[in-house]
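Reading through the C-alpha cells given below for one structure.
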C-alpha cells in the first residue's frame with residue numbers, strides 16, 4: 001500500500017503570541033490574483049464556503065453553527081491564501097499553492113526552431129501546442145526522474161520533436177523511436193514521454209501523429225530528371241512507432257530527356273533493411289499511361305545506406321522482373337505507390 | 001469536476017514545549033536518512049533556495065512558504081532558538097515522484113519487483129541478450145507501469161505465464177506470443193486485487209527477426225538451400241506485419257504444393273483476413289503475368305498465382321534454383 005503523511009483536515013491558527021487566532025479569517029484567491037476562489041466543505045466540492053472562512057474562538061475554521069469546518073480545495077487549481085486577524089490585519093500570504101494531484105498544463109504558442117519548452121516538476125505535466133506555424137522542439141528542461149510528459153497538438157501546424165538534438169542539454173533531450181527525422185505531432189496528435197533517471201533525458205513511450213504529413217516525392221530516370229515536369233506530385237506519410245506508412249502519387253506532364261530505370265526519391269525517414277531489400281516492399285496500387293510494359297508494375301526498396309534512398313520500378317514478367325525505364329514511360333505516366341517500412 | 005483535496009499546510013506555525021511560538025527557531029532540511037543539507041525553496045518553481053536552516057518569524061514562530069523538490073525524499077529537523085533539536089521527521093516525500101526500477105539483467109528474469117505508487121517506471125537496459133519477463137510483483141490496484149527499453153535493449157513480455165503468480169501475470173493484446181520491446185515502450189495497469197497487469201499501450205520499437213522457409217507437399221524440401229533467408233515482423237495491437245526475403249541456391253528434389261512456413265504467430269481467422277503481397281519475384285517459371293500472392297492458413301501461407309480464371313496453387317514446378325521473393329504478410333494474431 002502507498003504511504004503518506006496524515007493530512008491535517010481541520011487546521012488551527014494562532015497569533016504571534018501563541019494564542020488561538022479567535023475570530024481570524026482565511027481568504028482564498030486565485031494564484032497571483034485578487035480574484036476569490038472558494039474553498040469547499042467536502043471532497044465533492046459541491047458546497048463552497050463563505051469567503052473569507054471565519055475562525056471560532058479556538059482559531060479553527062468553523063461552520064455557522066460553531067462546528068469545526070474541514071477545508072477542501074479544487075485539485076486542478078492554484079491558490080493564494082491570506083491569513084488575517086479578527087480585525088482584518090494581514091498576518092501572512094502564501095501564493096501558488098497547489099495539490100499533489102494537479103496536472104500542470106503548459107501552452108506553447110510560439111513558432112520557430114529549435115525551441116526549448118520548460119516544464120514544471122510534477123508527476124504528470126501536459127504540454128499543449130497551439131502555435132500558428134511550424135515548430136521544432138529540441139528539449140524540455142525542468143523535468144524530474146520518472147516524470148510523464150503528455151504532449152497534445154491542438155493546431156494543424158506540425159510540431160517536430162527532434163531526436164537527441166546536439167545543441168540541447170543531455171537531460172533535456174528527446175529519445176524517439178525514429179532517429180533519422182523528427183517525430184511529428186499534428187492535431188489531434190499526442191505523445192507521451194517519460195524522463196529517465198539522473199543524467200538522462202526524455203524517452204518516447206507512445207506516439208500518435210494525428211494527421212498525415214506531406215512529403216515531396218521525386219520521379220527520376222536513373223537518378224536524373226532533366227526536363228521532367230509534374231501534373232501531380234503528392235506524398236503523405238504517417239509515422240507509427242518505428243514504421244512509416246503512406247503513399248505517393250506522381251503524374252507527369254513531361255517525362256524529359258533523362259534515361260534509365262524509374263527511381264523514386266525524396267523519402268521521409270531512412271529505412272532499415274538489414275541487409276538489403278528484406279522488409280516490407282512498396283506496393284504499386286495504380287499505374288497508367290505507360291507503354292509496352294511486359295507485365296504488371298511492382299517495386300522494391302534500395303538497400304539500406306544507398307544514398308539517396310529510392311525505390312526501383314519493375315514490370316513483373318512471370319520470370320525475371322524487367323526494369324521499367326524511360327522507354328516504358330510517356331509524358332502522362334501516372335503512378336500511385338503505397339509503402340510501409342521500418343525507419344531508422 | 002476534478003477531485004477535491006484537503007487544504008495543504010501552506011501556513012505553518014511552530015511552538016515550543018510550553019505552547020509558546022517558537023520565536024528564534026528554525027527548520028533544517030536534509031536529504032532523507034543523511035546529514036546532507038538539501039534546501040527548501042521560496043517559490044514553487046524551485047528557483048530561489050531558502051536559507052538552510054529556515055528561520056521562523058520572531059515573534060510568531062511562523063515559517064515562510066517552503067517548497068520542496070517533489071522528486072526527492074527529505075529529513076526535516078525543527079530547531080529551537082539555541083539550535084537544539086526539538087524533533088526530527090525522516091523520509092518525507094510529497095507523493096509527487098514516479099519511482100523508476102532499472103532491470104539490467106538478461107535471460108529469464110521472469111518476475112520484476114515494483115514499488116507501490118500511482119505511476120512506476122521500469123527501464124530495461126540489457127544489451128547482451130533478450131530479457132524475458134512474465135510478471136511484476138508488487139504494486140497496487142490501478143497502478144500504472146511505464147516500461148521503457150533503451151534503444152539497444154530487447155525485452156519479451158510473456159502473457160499468462162506460469163512462472164508468475166496469477167495476480168502478477170501479464171494480460172497482453174496477443175495471448176499466443178510474447179509482446180516484444182525492442183527499444184520500444186509499453187504501459188500496463190494493475191487490475192483489482194487478484195488480477196494481474198493489463199496492457200494499455202505498446203510500441204514494439206525495432207522489428208523482430210523470424211526465419212521464413214518453404215515447404216513442398218507439407219514437408220521440409222529435400223535438398224533445398226537458401227542464399228537469403230530473412231524475415232522481420234512487428235506487432236501492433238493484434239495485427240502482425242511481416243516482411244521476408246527468400247532466395248534459393250538449390251531447389252532440391254521434393255514435389256508438391258508450395259507453402260511459406262515459419263510464421264511466428266498463428267492466424268486468428270485463417271484464409272479470411274490475411275494475405276501475402278509479393279513486391280519482387282525473380283527466377284520463377286510458369287507464373288504467367290499474374291504474379292504471386294498468397295493467403296494465410298494457421299502458421300503457413302499458401303502461395304498461389306493468378307490466372308484468367310482465378311488462383312492456382314503454386315508448386316515445385318514454379319521453382320528454379322534462383323527463385324527470389326520479397327513479400328509482405330499481414331495477419332491477425334490469435
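A few notes on this one:
- Flag for residue B:63 being touching a residue at least 40 places away in the same chain (Cβ under 8 Å), within 14 Å of chain A (Cβ to nearest Cβ) and farther than 20 Å from residue A:60 by Cα: no
- The residues on offer are A:262, A:343, and the sole one that is buried (at least 16 other Cβ atoms within 10 Å of the Cβ) and under 24 Å from residue B:276 (Cα atoms) is A:343.
- The lone criterion from (1) under 32 Å from the mean Cα position of the chain (by Cα); (2) in contact (Cβ under 8 Å) with a residue 24 or more places away in the chain; (3) buried (at least 21 other Cβ atoms within 10 Å of the Cβ) left unmet by residue A:206 is number (2).
- The residue of the stretch A:74-100 that is nearest to residue A:13 (Cα to Cα), among those that are touching a strand residue (DSSP E or B) at 6+ places or on another chain (Cβ under 6 Å) and within 7 Å of chain B (Cβ to nearest Cβ), is A:83.
- Within the stretch A:311-332, the set of residues being buried (at least 22 other Cβ atoms within 10 Å of the Cβ), under 17 Å from residue A:225 (Cα atoms) and either under 39 Å from the mean Cα position of the chain (by Cα) or more than 14 Å from chain B (Cβ to nearest Cβ) (or both) comprises A:311, A:313, A:329.
- Checking every residue in the stretch B:278-294 against the condition of being closer than 19 Å to residue B:215 by Cβ, more than 9 Å from chain A (Cβ to nearest Cβ) and free of Cβ contacts under 8 Å to residues at least 60 places away in the same chain gives at least one match.
- Filtered residues of the stretch B:37-53 (kept if within 12 Å of residue B:26 (Cα to Cα) and within 14 Å of another protein chain (Cβ to nearest Cβ)): B:50
- Just one of (1) under 42 Å from the mean Cα position of the chain (by Cα); (2) surrounded by fewer than 19 Cβ atoms within 10 Å (Cβ to Cβ); (3) free of Cβ contacts under 8 Å to residues at least 24 places away in the same chain fails for residue A:30. It is (3).
- Test for residue A:232: is it away from every other protein chain (no Cβ under 14 Å), modelled with pLDDT of 95 or more and part of a loop (DSSP other than H, G, I, E, B): no
- When residues in the stretch A:255-270 are screened for being under 15 Å from residue A:244 (Cβ atoms) and over 42 Å from the mean Cα position of the chain (by Cα), 0 of them pass.
- Members of the stretch B:35-56 that are farther than 21 Å from residue A:144 by Cα and in a loop (DSSP other than H, G, I, E, B): B:35, B:51, B:52, B:53, B:56
- Residues in the stretch B:146-168 that are buried (at least 21 other Cβ atoms within 10 Å of the Cβ) and not in a loop (DSSP other than H, G, I, E, B): B:146, B:147, B:148, B:149, B:154, B:155, B:157, B:168.
- Filtered by the rule that a residue be within 10 Å of the chain's Cα centre (by Cα) and surrounded by fewer than 23 Cβ atoms within 10 Å (Cβ to Cβ), the stretch A:128-148 gives a lone residue, A:128.
- Checking residue A:218 against (1) more than 30 Å from residue B:73 (Cβ to Cβ); (2) surrounded by fewer than 17 Cβ atoms within 10 Å (Cβ to Cβ), the condition it does not meet: (2)
Per-residue answers, yes or no, for (1) within 14 Å of chain A (Cβ to nearest Cβ); (2) surrounded by fewer than 17 Cβ atoms within 10 Å (Cβ to Cβ); (3) assigned to a strand (DSSP E or B); (4) more than 14 Å from the chain's Cα centre (by Cα):
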residue	(1), (2), (3), (4)
B:170	no, no, yes, no
B:186	yes, no, yes, no
B:195	no, yes, no, yes
B:198	no, yes, yes, no
B:202	yes, no, yes, no
B:209	yes, yes, yes, yes
B:227	yes, yes, yes, yes
B:231	yes, no, yes, yes
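- Exclusive hit being under 23 Å from residue A:10 (Cβ atoms), within 14 Å of chain A (Cβ to nearest Cβ), surrounded by fewer than 18 Cβ atoms within 10 Å (Cβ to Cβ) and touching a residue at least 12 places away in the same chain (Cβ under 8 Å), set B:92, B:22: B:92
- Residues satisfying the stated conditions in the stretch A:190-211, i.e. closer than 20 Å to residue B:186 by Cβ and in a loop (DSSP other than H, G, I, E, B): A:196, A:197, A:200, A:201, A:209
- A single entry from A:104, A:36, A:48, A:52 fulfils the requirement of being under 30 Å from residue B:98 (Cβ atoms) and free of Cβ contacts under 8 Å to residues at least 40 places away in the same chain: A:104.
- Residue A:305 being within 14 Å of chain B (Cβ to nearest Cβ), out of contact with any strand residue (DSSP E or B) (no Cβ under 8 Å at 6 or more places or on another chain) and farther than 14 Å from residue B:280 by Cα: no
- All told, residue B:47 falls short of being in contact with a strand residue (DSSP E or B) (Cβ under 9 Å, 6 or more places away or on another chain), closer than 30 Å to residue A:75 by Cα and not assigned by TED's automatic domain parsing to the domain that holds residue B:12.
- Of A:251, A:304, A:309, all but one fail to be more than 27 Å from residue B:288 (Cα to Cα) and modelled with pLDDT under 90; the exception is A:304.
- Pair list, Cβ under 9 Å, 6 or more apart: the stretch B:303-332 residue within 14 Å of another protein chain (Cβ to nearest Cβ) and at pLDDT below 85, other residue assigned to a strand (DSSP E or B) and buried (at least 16 other Cβ atoms within 10 Å of the Cβ): B:306/B:292; B:306/B:293
- Selection status of residue B:139, at pLDDT below 95 and either surrounded by fewer than 16 Cβ atoms within 10 Å (Cβ to Cβ) or closer than 22 Å to residue A:200 by Cα (or both): no
- The stretch B:109-143: number of residues that are more than 9 Å from chain A (Cβ to nearest Cβ) and farther than 15 Å from residue B:168 by Cβ: 9
The values are calculated or read from the model by the stated rules, or taken from the named source; none is laboratory data. Bear in mind the structure is a predicted one, so any value in this text is a computation, not a measurement. Cβ coordinates were reconstructed from backbone atoms using ideal geometry, including for glycine residues, and neighbour counts include every protein chain displayed.
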